[in-house]
Amino acid sequence: MLFEPFDNGRLHLQNRVVMAPLTRCRAVEANTPNALMAEYYGQRAGAGLLITEGTSPSPDGLGYARIPGLFNAAQRDGWRQVTTAAHAGGAKIFIQLMHCGRVSAAANLPAGARVVGPVAEVCPGEMYTDTAGMQPHAVPHALTEDEIPALVAEYVKAAQLAIEAGFDGIELHAANGYLLEQFLNANVNTRTDGYGGSAAARNRLVLEVARACVAAIGADRVGIRVSPYGVFNSTGAFEGVEEQYIALARELAEIGLVYLHLVDHSAMGAPEVPASFKAALRSAFSGAFIASGGFAAASAEAALQEGRADLVAFGRPFISNPDLVARMKGDLPLAEPDANTFYTPGAAGYTDYPVAT
Ligand SMILES: Cc1cc2nc3c(=O)[nH]c(=O)nc-3n(C[C@H](O)[C@H](O)[C@H](O)COP(=O)(O)O)c2cc1C
């Protein structure tokens, strides 16, 4: 099944292999995509669906050094090279909209931008900056209710620019402790206004963003990534986590999102996401369901055969195997990625992994 086309009437993919979103920090000039990035995605266009690295819809969301943005015309034009390369290889491509929120150092932001979050609590830990090395995360400005509509509008603008750039859709990054999950997660979001204090209030921002993006570009072009039970960036499970996410999945299904992409980082040391909960989440959602985290060809095939997912995303294997689909299909050995070059600028460890096929 893994190598067969997927067509549910809304997504039309050449196979069921998804490239997971992978931050690679190669947007060296003004957070703008370039020819090197187009080459990288083009090399990996054997996938059914490419999901880009996290891309900020706002200057405020550029928490990491050299991550791309999508909030101006130059970035849109830069991304157009990427979508052209992806489509030339037969892949569809969604752009992951990642607003880093409080996971940020002021030194990584352009002039005039600010670090924001649900509350004015600093994220524990440090953040790499090109200018000053490791820095503590910045103290975020707690977004007020009055400021939320402008934030939602930034996502809408990015969604519109994505379509202009030739993307097949957007993925809302509501996982891994970035801004949308900062609102979802009860350990981070201790607000007591309309955006915190209850499961419904914590889900509200994600639902407002999803609704607004769907209104702007259509439900078939909006997916979402979530990571309940994730621990990255000081999130972690909380009382009622399953009920909250089931309610979220139901409402996202009602809004009509095209896919729900679930993160399970237990292969990277995070707690296991219970199988019963994954199944419940899948049945609460009516669109396509993408499983991710620690998959190889055989386990992906099993997940598809057993109805645990419609599509399977691969992260690290795609870094070091540009022809991952062909290698898995031919049962060829996979190369191991070099973690030292995950986030370094330039072609080394990025576009120079050889093909085997
Ligand atoms: C270098 C690197 C960068 C990543 N960047 C992102 C990102 O931008 N957005 C995201 O949602 N997940 C990101 N992830 C998580 C991956 O999408 C994926 O969930 C994780 O690698 C587990 O899947 P795997 O076992 O197939 O690698 C990143 C992971 C790695 C290793």
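General observations
- Residue satisfying condition, being acidic (D, E), within 28 Å of S198 (Cα to Cα), free of Cβ contacts under 8 Å to residues at least 12 places away in the same chain and more than 13 Å from the ligand (Cβ to nearest atom), within set E272, E254, E243: E254
- R204, sole failed condition from (1) closer than 26 Å to L49 by Cβ; (2) part of a helix (DSSP H, G or I): (1)
- Odd one out for G101, checked against (1) surrounded by fewer than 14 Cβ atoms within 10 Å (Cβ to Cβ); (2) under 18 Å from the mean Cα position of the chain (by Cα): (1)
- Complete set of residues in the range 138-190 that are hydrophobic (A, V, I, L, M, F, W, C) and in contact with a strand residue (DSSP E or B) (Cβ under 6 Å, 6 or more places away or on another chain): L143, A158, A159, A162, F167, I170, L172, A174, A175, L180
- Pairs where the first residue, in the range 10-22, is within 24 Å of H265 (Cβ to Cβ) and the second is basic (K, R) and in a loop (DSSP other than H, G, I, E, B), C-beta under 9 Å, 6+ apart: M19/R44
- Residue match in the range 284-303 (condition: of a type in the set (D, E) and under 16 Å from F6 (Cα atoms)): yes
- Only one entry of A165, A120, A150 meets the criterion of being more than 19 Å from S56 (Cβ to Cβ) and at pLDDT 95 or above, and that entry is A120.
- The criterion of at least 3 residues that are closer than 23 Å to G42 by Cβ is met by the following helices (runs of 4 or more DSSP H) wholly inside the range 232-349: 316-320, 324-329.
- Test result for Q135, touching a residue at least 40 places away in the same chain (Cβ under 8 Å), of a type in the set (S, T, N, Q), over 25 Å from V312 (Cα atoms) and not in a loop (DSSP other than H, G, I, E, B): no
- Scanning the range 152-172 for residues that are of a type in the set (S, T, N, Q) and within 13 Å of M98 (Cα to Cα) yields a count of 0.
- For the range 211-230, the set of residues classified as crowded, with 17+ Cβ neighbours inside 10 Å and not in a helix (DSSP H, G or I) consists of V222, G223, I224, R225, V226, S227, P228, Y229, G230, listed by residue number.
- Of all the criteria given as (1) among the hydrophobic types (A, V, I, L, M, F, W, C); (2) under 24 Å from R102 (Cβ atoms); (3) modelled with pLDDT of 95 or more, the one not satisfied by I255 is (2).
- Residue satisfying condition, being more than 11 Å from the ligand (Cβ to nearest atom), crowded, with 18+ Cβ neighbours inside 10 Å and of a type in the set (F, W, Y), within set F285, F318, F277: F285
- Pair list, Cβ < 6 Å and 6+ apart or interchain, from the range 287-311 residues that are under 30 Å from V214 (Cα atoms) to residues that are assigned to a helix (DSSP H, G or I) and away from the ligand (no atom under 13 Å from the Cβ): F289/R282
- Among the residues listed as T32, T23, T52, T84, the single one being of a type in the set (S, T, Y), buried (at least 24 other Cβ atoms within 10 Å of the Cβ) and at pLDDT 95 or above: T52
The values are calculated or read from the model by the stated rules, or taken from the named source; none is laboratory data. Here the structure is a predicted model, which is why all the values come from computation and not from measurement. A quick note on method: Cβ atoms are made from the backbone with ideal geometry, for glycine too, and the neighbour counts reach across all protein chains shown.
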